[in-house]
1. Provide a single number: the residues in segment 30-71 that are among the aromatic types (Phe, Trp, Tyr) and surrounded by fewer than 10 Cβ atoms within 10 Å (Cβ to Cβ).
2. Does Ala10 satisfy the criteria of being at pLDDT below 95, surrounded by 10 or more Cβ atoms within 10 Å (Cβ to Cβ) and outside any helix (DSSP H, G or I)?
3. (1) part of a loop (DSSP other than H, G, I, E, B); (2) modelled with pLDDT of 90 or more: which one isn't true of Met1, the others all being true?
4. When you check Ala27 against the structure, is it open to solvent by less than 100 Å² (accessible area, probe 1.4 Å) and under 15 Å from the mean Cα position of the chain (by Cα), yes or no?
5. Is it the case that segment 28-41 has a residue that's in contact with a Gly (Cβ under 9 Å, 6 or more places away or on another chain) and of a type outside the set (D, E, K, R)?
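The values are calculated or read from the model by the stated rules, or taken from the named source; none is laboratory data. From a predicted model like this one, the values you see are computed outputs, not experimental measurements. Because the Cβ atoms are built from the backbone with ideal geometry, glycine has one as well, and the counts that use them run over all protein chains shown. Accessible surface is based on the protein model in full, side chains and every heavy atom, while ligands, DNA and RNA are left aside. Shrake-Rupley method; radii C 1.70, N 1.55, O 1.52, S 1.80 Å.
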Amino acid sequence: MNKNKRTKVAKLAFRFVLTIGIVNLFADLTYEGARSITGPFMGSLGASATVIGIVVGCGELLGYGLRSFTGFLADKRDK
C-alpha cells in the first residue's frame, strides 16, 4: 500500500471514530437526561415517593440483571 493511500485510509478511519464519538456523546446526553427526570416526571403524574422508588429500583434491577445475563451468554458463545 502506498503512502498516499495509507494517509487517505487513516483520515477516513479518524473521521469515522470522530463521528461515532459525537453520536455517542449525544446518545449519552439523551439517555442520562431522560434518567434524571424519571422521578420528577412520575411525581408530576401523582406518584408517591414510595411508588417512584419501587418503579425506578425495579427498572435498575431489571437492567443490571439483563446486562449480567447477556454478558454471561456472550462469554459462553466464545466465537
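1. 0
2. Against the criterion (at pLDDT below 95, surrounded by 10 or more Cβ atoms within 10 Å (Cβ to Cβ) and outside any helix (DSSP H, G or I)), Ala10 does not qualify.
3. (2)
4. yes
5. Within segment 28-41 (the criterion being in contact with a Gly (Cβ under 9 Å, 6 or more places away or on another chain) and of a type outside the set (D, E, K, R)), the answer is yes, since at least one residue qualifies.
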